[in-house]
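Trainee: Quick one: the structure is below, questions incoming.
Every read-out reported here was derived from the displayed coordinates using simple, explicitly stated rules and does not represent laboratory data. Just so you know, these numbers come straight off a predicted model, no measurement behind them.
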Amino acid sequence: MADSIRAFVRTLPVVAAAVLAGCSGGGFLPFGEGPHSMAASRLEHIVNQQAKVNHVDPNLVKAVIAVESGGDPSAVSTAGAMGLMQLMPGTAKSLGVTNPWDPEQNVAGGAKHLSDLLREYNGNISLALAAYNAGSGAVAHYKGIPPYAETGAYVSNVLTLYRAPAANK
């Protein structure tokens, strides 16, 4: 119990920062489903289903969602990334996502993209996350995680959530 509480306290600032930094809404609002929230059980089902289809750890997908959008299916970044997994329009289109606001399509596209990146980087989660955030071109150019503050923080934040004991229930 104490470990779960410590994990929650450690991850809360990460999620709060993600919500404040890149989201148009409040993320997991406690008032049921609305434009900026969705039922946790529905999101859990979608994540588990798409993680299985794409051979990605569901806890990694959850961590990406938490950092990317704070769980807000209507999130829009200042760069124009959309939805739970913050897909850019071109990326969404290339992944067959016709409606990035649909949580099922968005998570399906994001999980596929993450799976493709993990394959590209031979299972190296840090490089895959750096490419998810900054693009494969930047990772190739710098022969590793690009020296961008945003990308370094992103990789660190996702890995912290992914490795948190509470995330691995």
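Trainee: Could you calculate the contour length gain from Ala140 to Met88, that is, 0.36 nm times the residue separation minus the distance between their Cα atoms, to one decimal place in nm?
Mentor: 16.8 nm
Trainee: Full-extension gain between Ser77 and Asn48, please, as 0.36 nm times their residue separation minus the C-alpha to C-alpha distance.
Mentor: That works out to 8.0 nm of additional length.
Trainee: Just to check I understand the Karplus step: with θ = phi - 60° and J = 6.51 cos²θ - 1.76 cosθ + 1.60, what whole-Hz values come out for the range 46-52, glycine and proline as x?
Mentor: Rounded to whole hertz, the list is 4, 4, 4, 5, 6, 5, 5.
Trainee: Figure the gain on full extension for Asn99 and Asn122 (residue separation times 0.36 nm, minus the Cα-Cα span) and round it to one decimal in nm.
Mentor: Gain in length upon complete extension: 5.3 nm.
Trainee: Could I ask something else about it? Output needed: percent of Cα pairs per 10 Å distance bin for the range 38-169, bins running from 0 to the one holding the longest distance.
Mentor: 14, 48, 34, 4, 0
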